[in-house]
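Enquirer: Below you will find the structure I want to go over with you.
The values are calculated or read from the model by the stated rules, or taken from the named source; none is laboratory data. Keep in mind that what you see is a predicted model, and the values were worked out from it rather than measured. Here Cβ is always computed from backbone atoms with ideal geometry, including for glycine, and neighbour counts include all displayed protein chains. These area figures cover heavy atoms from the full protein model, side chains too; ligands, DNA and RNA do not enter into them. Shrake-Rupley method; radii C 1.70, N 1.55, O 1.52, S 1.80 Å.
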Amino acid sequence: MAKRTNMMYPLGVTITESGAELLLQAEAEKVSLLLFKAGEKECFEQFEFAKEERIGDVWTMSLPGYDLKGLEYGFEADGEWFVDPCAKAVTGRKVWGSISEEPVRARVTDHSFNWDTDKRPCIPYSDTIVYRFHVRGLTKHPSSHVRNKGTYAGIVEMIPYFKSLGVTSLELMPVAEFDEVMKEWTPSEIPGGKPELKPNGKINYWGYGPTFPYAPKAAYGTGFMPVETEFKIMVKELHDAGLECIPEMYFTGEETIPQVVDVLRYWAEEYHVDGFKLSGAVPTRAIAADPFLKDLKLFADDWSNVSIPKTVRGKRLAEYNDKFQMDMRRILKGDQGMVENLMAWTMKNPSDHAVINYMANTNGFTMMDMVSYDEKHNEANGEENRDGADYNASWNCGIEGPTEVEKINKLRKQQLYNAFLMLLLSQGTPLIMAGDEFGNTQGGNNNAYCQDNEIGWLDWNQLEENSDLFQVVREFIRFRKEHKLFHMDQAPKHADYKSLGCPDVSFHGQSAWRPDLEYFRKQLGIMYWGAYAKKEDGTNDQNFYVAYNLHWGTHKLGLPRLPKGLIWQALYDTSGGGAVVKDRIYAQIPPYTVVVFIALEETGYCSYTLPIGDVTLVCEKGDIIELCFGRNAPTKMIEAGMMEDNLPILEKAYKQLKEYFVGERKEFDLPLDPVG
């Protein structure tokens, strides 16, 4: 009878101090273990599992005194060969896309690795900015200029870029060992023979399908060392740089719930990953309840069937689906009846779980294609353009595909600026699909699952071609991180619950405090009251007003009145400076434009005519700092692009000066800082 202690070990091969323990699930009458030396064709030793050591369908074996490290192995069940589905590493898959006859076997791994003082960054969802990419596609293109293209080591070489962009967490598309060579059943060439499974000429580039879920993808290694070591080096380097590593794990539904949970536990313990993007058939209830995964970020399409307990360590589950993307794309292209959706998505931030927001993801158009194509163009997939979603909530801005028409390209770039502001100013956790920050395109292909080529790879030449877009996205990321108002720990309450003068967040329409919700409306103003958030130095944040106009015409939005001495000034204007503040109570917003206004102390200049002649008054940060004779604009303000503006404080000074010179005033009631 099998020793009960064997049940303490997981399925597969476990190296112990005394040798090795093997557990294998198989419905068979006779099961054998076959051992191979690395790279050799013939088995050099074979062991038969004893029937009395079987527990149900689990066959167990102890090999005391055996050192299996580095050996390759497989099993035979009733004479039929198969590879250990719980293999921690796999041979025969080292070369990407190879159709050689090299046998696929399991390899016993050496789990030793010097993690030193490695520590997970544990970045709160409110401070997280996710960057999603395909391990091979990120650096495979010659323009990446990394040494180890298409590998885990290539990701390490990209760390300075990730830090420069400002992202915090890397989401890696499937990294568990999968067969990228797609096959299909074909008739036998021998009359009466059985159909054969042969390559069909396509590559499963994305990696969704059956996997060896415990084993890292060998073809993503450099070949200079075991791939599991390279993966660990990558994770450690990312952690040293303050970056999180969140691999995507795909499950087919053929795995049992305990197997799925065990896979996640293994990657968390063995590879120190920071969480998982869960795809396919996911037993969310079991995963959410597992105590060993409580400290990890867990992304899944839906957690609605899960009871999410409150935890002192904050949120750990995140809702991850296309709802934000599809609604925000419709808003971006000016669909009617979407203002309330804009209000909802910019504020959504549940107390018990996070939401992952994105404007583009693997499945669908890139952001550049989102503004360049109305229809999918998947002909290169070989399915007569039948594959992929027919509706993408996209708008080509007037011409399908690439164009040299300057007006169209300008509008597309403006729409991308709008889209990134909509993403990064929403309260949920933003995700950027790699390459979107510099205009990556797939030529209108919205289902590049088989495109292991320049369609699916990132072309880093575009980083230089669209450097203006990259700089803007990097600035928007910096702005979000600097201002907690746009990534609060909880959803805004839309009330002045701390008696700070205004609600934390409020909505506005043509008139301040009155959002326009009619079906045809495409405009919205949102004010963020700075006193409800603190800056790094502990002082109150500034007040902001974000104006959205996704209509083809210019529209006005009401501006709430600010405390004395403050005025609204445009900080970001995706139209390039077309927004105009009128009488300090409303703003004219150009078509297809998002403007971020900031409340600043009055700074500017204006010229007036007094009884003694013309004078120019200058104020800075709410103080009158200069009075000079004549109409002379201050040089530094001209250089800063400031125009003459009859600010309230300047008009007040002018009136008091006028009263003084006609003998109606002897003292001035003004904030003075006479530096000139």
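Enquirer: Can you name the residue in the stretch 516-535 that is free of Cβ contacts under 8 Å to residues at least 40 places away in the same chain and out of contact with any Leu (no Cβ under 8 Å at 6 or more places or on another chain) and is also nearest to Cys397 (Cα to Cα) among such residues?
Expert: Ranking the candidates gives Glu518 first.
Enquirer: Would you check which residues across the stretch 273-291 are open to solvent by 40 Å² or more (accessible area, probe 1.4 Å) and either under 21 Å from the mean Cα position of the chain (by Cα) or more than 21 Å from Tyr320 (Cα to Cα) (or both) and list them?
Expert: Here is the first cut: in the stretch 273-291, the residues open to solvent by 40 Å² or more (accessible area, probe 1.4 Å) are 280-281, 285, 289, 291.
Scanning the stretch 273-291 gives Gly280, Pro291.
Enquirer: Quick check: anything in the stretch 304-315 without any contact (Cβ under 8 Å) to a residue 40 or more places away in the chain and in contact with a strand residue (DSSP E or B) (Cβ under 8 Å, 6 or more places away or on another chain)?
Expert: Yes; the residues of the stretch 304-315 include at least one that is without any contact (Cβ under 8 Å) to a residue 40 or more places away in the chain and in contact with a strand residue (DSSP E or B) (Cβ under 8 Å, 6 or more places away or on another chain).
Enquirer: Here's a check for you: in the stretch 309-329, which residue that is more than 18 Å from Ile356 (Cα to Cα) and either buried (at least 23 other Cβ atoms within 10 Å of the Cβ) or not hydroxyl-bearing (Ser, Thr, Tyr) (or both) is modelled with the lowest pLDDT? Can you show your working first?
Expert: Within the stretch 309-329, the subset more than 18 Å from Ile356 (Cα to Cα) is 309-313.
Pick out the ones that are also either buried (at least 23 other Cβ atoms within 10 Å of the Cβ) or not hydroxyl-bearing (Ser, Thr, Tyr) (or both) and you get 309-310, 312-313.
Details: Pro309: 63, Lys310: 58, Val312: 53, Arg313: 67.
Checked the stretch 309-329; the qualifying residue modelled with the lowest pLDDT is Val312.
Enquirer: Over 21 Å from Glu101 (Cβ atoms) and exposed (fewer than 13 other Cβ atoms within 10 Å of the Cβ): which single residue out of Glu248, Glu237, Glu189, Glu254 fits that description?
Expert: Residue meeting the stated conditions: Glu254.
Enquirer: Say we look at the stretch 350-398 and pick out the residues that are of a type in the set (A, V, I, L, M, F, W, C) and open to solvent by 60 Å² or more (accessible area, probe 1.4 Å); which of these is nearest to Leu458 (Cα to Cα)?
Expert: Taking the stretch 350-398 first, the residues of a type in the set (A, V, I, L, M, F, W, C) are 354-356, 359-360, 365, 367-368, 370-371, 380, 389, 393, 395, 397.
Going one step further and asking which of them are open to solvent by 60 Å² or more (accessible area, probe 1.4 Å), we end up with 380, 395.
Details: Ala380: 17, Trp395: 23 Å.
Only one residue tops the list, namely Ala380.
Enquirer: Next up: Only residues in the stretch 549-575 that are within 18 Å of Thr603 (Cβ to Cβ) count as the first member; pair them with residues that are of a type in the set (Val, Ile, Thr) and surrounded by fewer than 15 Cβ atoms within 10 Å (Cβ to Cβ), Cβ under 7 angstrom, at least 6 apart or cross-chain, and list the lot.
Expert: Going by the 7 Å Cβ cut-off, the qualifying pairs are Leu559/Ile585.
Here's the yes/no breakdown for (1) part of a strand (DSSP E or B); (2) at pLDDT below 95:
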| residue | (1), (2) |
| --- | --- |
| Phe212 | yes, no |
| Met234 | no, no |
| Glu237 | no, no |
| Pro258 | no, yes |
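Enquirer: Where the second residue is open to solvent by 40 Å² or more (accessible area, probe 1.4 Å) and not in a loop (DSSP other than H, G, I, E, B) and the first is closer than 19 Å to Met343 by Cβ and lies in the stretch 494-508, which pairs have Cβ atoms under 8 Å and are six or more apart or on separate chains?
Expert: Between residues of the stretch 494-508 that are closer than 19 Å to Met343 by Cβ and residues that are open to solvent by 40 Å² or more (accessible area, probe 1.4 Å) and not in a loop (DSSP other than H, G, I, E, B), the close pairs are His508/Arg514.
Enquirer: Just name the residue that is nearest to Leu469 (Cα to Cα) out of those in the stretch 436-452 that are in a loop (DSSP other than H, G, I, E, B) and in contact with a Lys or Arg (Cβ under 8 Å, 6 or more places away or on another chain). Full working, then the answer.
Expert: Applying the first criterion (in a loop (DSSP other than H, G, I, E, B)) to the stretch 436-452 yields 439-452.
Still in the list and also in contact with a Lys or Arg (Cβ under 8 Å, 6 or more places away or on another chain): 444-447, 450, 452.
Details: Gly444: 20, Asn445: 22, Asn446: 22, Asn447: 25, Cys450: 28, Asp452: 26 Å.
Only one residue tops the list, namely Gly444.
Enquirer: Within the stretch 106-137, which residues are open to solvent by less than 10 Å² (accessible area, probe 1.4 Å) and assigned to a strand (DSSP E or B)?
Expert: Hits for the stretch 106-137 are Ala106, Val130, Tyr131, Arg132, Phe133.
Enquirer: Looking at Gln542, is it touching a residue at least 40 places away in the same chain (Cβ under 8 Å) and farther than 30 Å from Ile624 by Cα?
Expert: no
Enquirer: Let me ask another. For the stretch 582-604, what are the residues that are on the phi > 0 side of the Ramachandran plot and part of a loop (DSSP other than H, G, I, E, B)?
Expert: In the first step, residues of the stretch 582-604 are kept if they are on the phi > 0 side of the Ramachandran plot; the result is 583-584, 592, 604.
The answer is Asp583, Arg584, Tyr592.
Enquirer: Looking only at the stretch 17-52, filter to residues that are within 18 Å of Val104 (Cβ to Cβ) and among the acidic types (Asp, Glu); which one of those is most open to solvent (accessible area, probe 1.4 Å)?
Expert: Only one residue fits best here, namely Glu42.
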